[in-house]
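Here is the structure we will look at.
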Amino acid sequence: MTNDQARNAVANDNAVATLREEPETAALSTQSPAPAPAPPAMSRWKMPLYIASSVLFFLTQGLGMNLVSANIYQLQGSFSATVAEISWLSAAYMAPYASFAIALFKIRTQYGLRRFAEFSIICFVLASILNLLVTDLHSAIAIRAISGMAAAPLSTIGFLYMLEAFPPAKKLSLGLSLALMNTLISAPLARIISPTLLDFGGWNALYSFEMGLALIALPVIYLLPVTAPPRANVIQRTDILSYLLLATGFGCLAVFLTLGRLYWWFETPWLGVLLAVTIGAMTLLFIVEAPRKNPMLDFRWLFSGPNMRMAGLLLLFRFVSSEQSTTAANFYQQLGLLNDQTVSLYAVVLAAAIVGGLFCSLLMLTRYVETAHAIALVLIAAGAWLDSQSTSMTRPADMYLSQALVSAGAAMFLPPIMSKGFGAVLAKGTTYVVNFLVIFLFTQSIGALFASAVLGTFVTMREKFHSNILVERILLSDPVVAQRVSQLSGAYGKVISDKSLLNAEGLSLLAQQVTREAYILAYNDAFFVIFLASFAGLVILLLHRAFDKIVTLRSAAAPQPAP
């Protein structure tokens, strides 16, 4: 799951910042109080402090989320568990994390930003301490669920600190772009520092580092306060029921998507139960919300044409960006490459994400904002196509260019969509912010899990296809195959004297090589599918832009009616 699931709270962060800077927009809400006076301009010497604090909060939250997913195979020994059992750690984290930002927005609006920030960081410190008390897999799963709830506010606070550092005119352009860039640096950084931390002390070392970051972030809340938006009574009794239904639906769906391909979709009955609970909870949510005069979720607005187009773009982004976060990472695992052998590659990925984010920030300050989408899709498509040519001899150094292109493209895709989409939400009133959060969370958190599940399932099915084709050509009557079996079994010739056993050992080693080659071909197919999706998205985007241009020119050329 990639990396990237820390973007979940971006929308509500923008809401707070924009409400603070646009009191006339806040007045559109019947639940908002009188607008507060505009805050004074920040001193220049304070800006780097707030930006650094934002980076610290993003790293604290992001590393806590990615340290487990980056070390799934390495943690098997610590807990004496299979890959499927260890994956419950990620599922337990994502179940509450997938929807908690919606509740946080209303809690923060009603009870105040200051209380929210102080309480959130204290909860995260306590959750970090609990991670050090883990004794077995079951306790680790329970504490990871608590960590998922405690970590959700930190990304919100990270956005608030980044937006606080910029004047109102640049909050949703430069500030938003830099904040989204920070959400991308935790995943590669987790894989860079993990080998050293694991050498120091396994699970305890990983989360001692997280606790250290949390303790550093704790005094920042008190030393560098952010401007609080107006408080308002926005929580109604029915909202509690609606949120519980939404959280149940999103949580069960997150577990279903995380574990489905590992336990396999049609072979485990409780996976079907989770999916049924998801459908039932979302149906009840619609029944509860539809007749309300002031619903928490306006389903008519959610399913409007512009929102569906925006959701499509966000889902496309999650699908193509999973090329790096999950597909490429699993490809390295299949080659037998551990984190300590890919440190240099992820250093290149980290640098490319920073360069792409800074370049997108510059574009956000110009009239060429829309070109960021096209550039991002071109970069991701080029990187995916290069990766689709991989072989069993491919090593991290061979993928520097392709992974750098994908990383830079991922950093450039999201900011223009978020800036435009959130501006449209505020034009309708702040009561629609929660609705926007639902779109964003579903497309980013659940969308990331869905993309990972779809591509993982695709790779498994293609591996079976390629294995069948390769096995059909392996016959001992073929002199090349017989020679290869003899070479592989030669390493055991000094310890196995029985000729038949020796040949059987050679065949077993050959079967392992066939499986590896089949997986490499399957991952190449997955990379090529991502290339096709990126290219198709680019074509659709260009056609849409051309259509809008033609409509604009025709409107300008049409004769104006007489007054």
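The values are calculated or read from the model by the stated rules, or taken from the named source; none is laboratory data. Source: prediction; values computed, not measured. Note that each Cβ is placed from the backbone with ideal geometry, even for glycine, and that neighbours are counted across all protein chains shown.
Can you tell me which residue in the stretch 314-327 is surrounded by the fewest Cβ atoms within 10 Å (Cβ to Cβ), limited to those that are at pLDDT below 80 and of a type outside the set (Ser, Thr, Tyr)?
Glu323
Ser194 fails exactly one of the following numbered conditions: (1) more than 30 Å from Pro416 (Cβ to Cβ); (2) surrounded by fewer than 19 Cβ atoms within 10 Å (Cβ to Cβ). What is the number of that condition?
All conditions pass for Ser194, except number (2).
Is it fair to say Ala151 is closer than 26 Å to Pro415 by Cβ, out of contact with any Pro (no Cβ under 6 Å at 6 or more places or on another chain), part of a helix (DSSP H, G or I) and in the same structural domain as Phe57 (by TED's automatic domain parsing)?
Details: closer than 26 Å to Pro415 by Cβ: yes; out of contact with any Pro (no Cβ under 6 Å at 6 or more places or on another chain): yes; part of a helix (DSSP H, G or I): yes; in the same structural domain as Phe57 (by TED's automatic domain parsing): yes.
Against the criterion (closer than 26 Å to Pro415 by Cβ, out of contact with any Pro (no Cβ under 6 Å at 6 or more places or on another chain), part of a helix (DSSP H, G or I) and in the same structural domain as Phe57 (by TED's automatic domain parsing)), Ala151 qualifies.
When both residues are 6+ apart or on different chains and their Cβ atoms are under 7 Å apart, which pairs have a first residue that lies in the stretch 104-129 and is at positive phi, and a second that is at pLDDT below 80 and not in a helix (DSSP H, G or I)?
Here the result reads Gly112/Ala228; Gly112/Arg231, each pair linking the stretch 104-129 to a residue that is at pLDDT below 80 and not in a helix (DSSP H, G or I).
Collect the residues in the stretch 398-413 that are under 10 Å from Ser321 (Cα atoms) and not aromatic (Phe, Trp, Tyr), keeping them in residue-number order.
Val406, Ser407, Gly409, Ala410, Ala411
Regarding the stretch 333-346, can at least one residue be identified that is assigned by TED's automatic domain parsing to the domain that holds Ser392, of a type in the set (A, V, I, L, M, F, W, C) and within 17 Å of Phe458 (Cβ to Cβ)?
Our first condition is that a residue be assigned by TED's automatic domain parsing to the domain that holds Ser392; within the stretch 333-346, this holds for 333-346.
From what's left, of a type in the set (A, V, I, L, M, F, W, C): 335, 337-338, 343, 345.
Of the ones still in play, those that are also within 17 Å of Phe458 (Cβ to Cβ) are none.
Scanning the stretch 333-346 turns up no residue that is assigned by TED's automatic domain parsing to the domain that holds Ser392, of a type in the set (A, V, I, L, M, F, W, C) and within 17 Å of Phe458 (Cβ to Cβ).
So in the stretch 279-306, with the set limited to residues that are in contact with a Phe, Trp or Tyr (Cβ under 7 Å, 6 or more places away or on another chain) and part of a helix (DSSP H, G or I), which one is surrounded by the most Cβ atoms within 10 Å (Cβ to Cβ)?
Checking each candidate, the answer is Glu289.
Does Leu206 satisfy being within 30 Å of Asn330 (Cα to Cα) and of a type in the set (A, V, I, L, M)? Spell out the reasoning first.
Details: within 30 Å of Asn330 (Cα to Cα): yes; of a type in the set (A, V, I, L, M): yes.
For Leu206, the condition - within 30 Å of Asn330 (Cα to Cα) and of a type in the set (A, V, I, L, M) - is met.
Looking at the stretch 228-239, can you tell me whether even one residue there is over 24 Å from the mean Cα position of the chain (by Cα), more than 30 Å from Pro48 (Cβ to Cβ), among the small types (Gly, Ala, Ser) and outside any helix (DSSP H, G or I)? Outline the logic, then answer.
Of all residues in the stretch 228-239, those over 24 Å from the mean Cα position of the chain (by Cα) come to 228-239.
Imposing the further condition that a residue be more than 30 Å from Pro48 (Cβ to Cβ) reduces the set to 232-239.
With among the small types (Gly, Ala, Ser) added as a condition, the list becomes 232.
Among the residues that remain, those that are also outside any helix (DSSP H, G or I) are: 232.
Looking for residues that are over 24 Å from the mean Cα position of the chain (by Cα), more than 30 Å from Pro48 (Cβ to Cβ), among the small types (Gly, Ala, Ser) and outside any helix (DSSP H, G or I), one finds at least one in the stretch 228-239, hence yes.
Which of the helices (runs of 4 or more DSSP H) found entirely inside the stretch 371-468 contain at least 2 residues meeting this: assigned by TED's automatic domain parsing to the domain that holds Phe266, under 23 Å from Gly356 (Cα atoms) and modelled with pLDDT of 85 or more?
On the way: elements: 371-387, 400-428, 433-441.
Those helices (runs of 4 or more DSSP H) do not exist here; none qualify.
Would you confirm whether or not the stretch 204-220 contains a residue that is of a type in the set (Phe, Trp, Tyr) and free of Cβ contacts under 8 Å to residues at least 24 places away in the same chain? Talk me through it step by step, then tell me what you get.
So the first thing to find is which residues in the stretch 204-220 are of a type in the set (Phe, Trp, Tyr), and the list is 207, 209.
In the following step, the residues that additionally are free of Cβ contacts under 8 Å to residues at least 24 places away in the same chain were identified as none.
No, the stretch 204-220 has no match at all.
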